[in-house]
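Single-structure report; data block below.
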Amino acid sequence: MENLLKQIESHKSEIAAFSATDANAVEEFRIKYLGTKGLVKAIMGEMKNVAPENKKEAGQLLNEFKLFVENKFDTLKESTANGQQASANAIDLSLPGDTLPIGSRHPVVLMRNRIVSIFQRLGFAVADGPEIEDDWHNFGALNLPEHHPARDMQDTFYIQQNPDWVLRTHTSNVQIREMEKGKLPIRVVIPGRVYRNETVSARSHCFFHQVEGLYIDENVSFADLKQTLYFFVKEMYGKDVKVRFRPSYFPFTEPSAEMDVSCFICGGSGCNICKKTGWVEILGCGMVHPNVLTNCGIDPNKYTGFAFGMGIERPAMLKYGINDIRLFSENDVRFLKQFTSAI
Ligand code: DAH
């Protein structure tokens, strides 16, 4: 019994001092003390040498010792597991940083920037306005009174809560907002998104983008309109491209015209893009209607001006060879990452 007590005490201090830094050391501990040929088993075997009157006390001591060893084993196991977790979480400052993928500009943005920058070089500023607009700014002030048949030219989304609000059908609402400011002359381009209640297909969408232009001053003439647009075409499509104006109708301009350029795909000989006509329609334009000036508090006897408006998606589709307008808004990275170059 004496002997057993001594043995247990010396092993206890040895076990208490045992430390393990990894799972291997913990396993060594288990084999050495708790394994089938381990110390606990061996000491338990000593029971047979204990005198019968001491057996009860010795049994208690041995059980305590076994518990002590098992607790130590659990503690070792836990601390090395935590340690390994901690080192796995530690930040290694010597590792190279993660490279962040660089995005690319959207093709509509590339084309918008290109169009806008040409007019900026002529002294046009950029103006912006709301996409949810009231009837007056989208239609009324633009010489499209209620029930005017020309409103049917643009299928409109109305806002349910307030039928006076629409999703703007063109960026011409910003022309009105600029004129209402009462600061003349005005020379702005207006890029932005517009909405029309149209069936979505490869060729048309219920939202798309436009750039409009507005120039109001004394003595602005149709010749100024033509020269400005000639410059634009030359910068945009090259000096060999031909331009033609066809008489047209817009309620907000008088006279109005549509401008075509000779097909820059086939050079004017006729292809699928220009539907064998040799011409591609680019924009609508005209001299701002005197009613529009009056609606915005500008004296039409003193001031005149021109305006124009063009879509962005179509020239972008022609430039990049995109055959489906829906691709612009599907957010497919495989599509978007193809347009990395600044144009
Ligand atoms: N707002 C017209 C449309 O969306 C385009 C347009 C035509 C704008 C002639 C103009 C213009 O400013 O003068 O179809």
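The values are calculated or read from the model by the stated rules, or taken from the named source; none is laboratory data. In this text, all values refer to a predicted model and were calculated from it rather than measured experimentally. Cβ sites come from the backbone with ideal geometry, for glycine too, and all protein chains shown count toward neighbours. Ligands, DNA and RNA are excluded from the accessible area calculation, which covers all protein heavy atoms including side chains. Shrake-Rupley method; radii C 1.70, N 1.55, O 1.52, S 1.80 Å.
Could you please let me know if LEU229 is more than 30 Å from GLY321 (Cα to Cα) and either without any contact (Cβ under 8 Å) to a residue 60 or more places away in the chain or open to solvent by less than 80 Å² (accessible area, probe 1.4 Å) (or both)?
No.
Would you check which residues across the range 37-75 are closer than 15 Å to LYS12 by Cα, touching a residue at least 24 places away in the same chain (Cβ under 8 Å) and acidic (Asp, Glu) and list them?
The answer is GLU70, and nothing else.
State yes or no: is TYR237 within 36 Å of the chain's Cα centre (by Cα), open to solvent by 80 Å² or more (accessible area, probe 1.4 Å) and more than 13 Å from the ligand (Cβ to nearest atom)?
No, not satisfied.
Show me the helices (runs of 4 or more DSSP H) entirely contained within the range 106-202 in which 3 or more residues are under 30 Å from PHE335 (Cα atoms).
107-121
Among the residues in the range 308-322, are any touching a Gly at 6+ places or on another chain (Cβ under 9 Å), modelled with pLDDT under 95, more than 16 Å from the ligand (Cβ to nearest atom) and not aliphatic (A, V, I, L, M)?
No: zero hits.
TYR195 fails exactly one of the following numbered conditions: (1) closer than 18 Å to LEU283 by Cβ; (2) touching a Leu at 6+ places or on another chain (Cβ under 7 Å). What is the number of that condition?
With (1) closer than 18 Å to LEU283 by Cβ; (2) touching a Leu at 6+ places or on another chain (Cβ under 7 Å) applied to TYR195, the lone miss is (1).
Scan the range 174-197 and give yes if some residue there is more than 13 Å from the ligand (Cβ to nearest atom), open to solvent by 20 Å² or more (accessible area, probe 1.4 Å), of a type in the set (A, V, I, L, M, F, W, C) and without any contact (Cβ under 8 Å) to a residue 40 or more places away in the chain, otherwise no.
The answer is no; no qualifying residue exists.
Report yes if some residue within the range 260-282 is open to solvent by less than 20 Å² (accessible area, probe 1.4 Å) and within 11 Å of the ligand (Cβ to nearest atom); otherwise report no.
Scanning the range 260-282 turns up no residue that is open to solvent by less than 20 Å² (accessible area, probe 1.4 Å) and within 11 Å of the ligand (Cβ to nearest atom).
Among the residues of the range 187-238, write down those that are over 19 Å from VAL292 (Cα atoms), out of contact with any Lys or Arg (no Cβ under 8 Å at 6 or more places or on another chain) and among the aromatic types (Phe, Trp, Tyr).
TYR230, PHE231, PHE232, TYR237
Among the listed residues CYS271, CYS263, identify the single one that is more than 35 Å from the chain's Cα centre (by Cα) and either assigned by TED's automatic domain parsing to the domain that holds GLN154 or modelled with pLDDT of 95 or more (or both).
Answer to the check: CYS271.
Could you please let me know if PHE252 is more than 28 Å from LEU225 (Cβ to Cβ) and crowded, with 19+ Cβ neighbours inside 10 Å?
No.
Those residues that are of a type in the set (A, V, I, L, M, F, W, C) and either within 12 Å of the ligand (Cβ to nearest atom) or touching a Cys at 6+ places or on another chain (Cβ under 7 Å) (or both), I need them from the range 198-215; list them, please.
VAL200, PHE208, VAL211, LEU214
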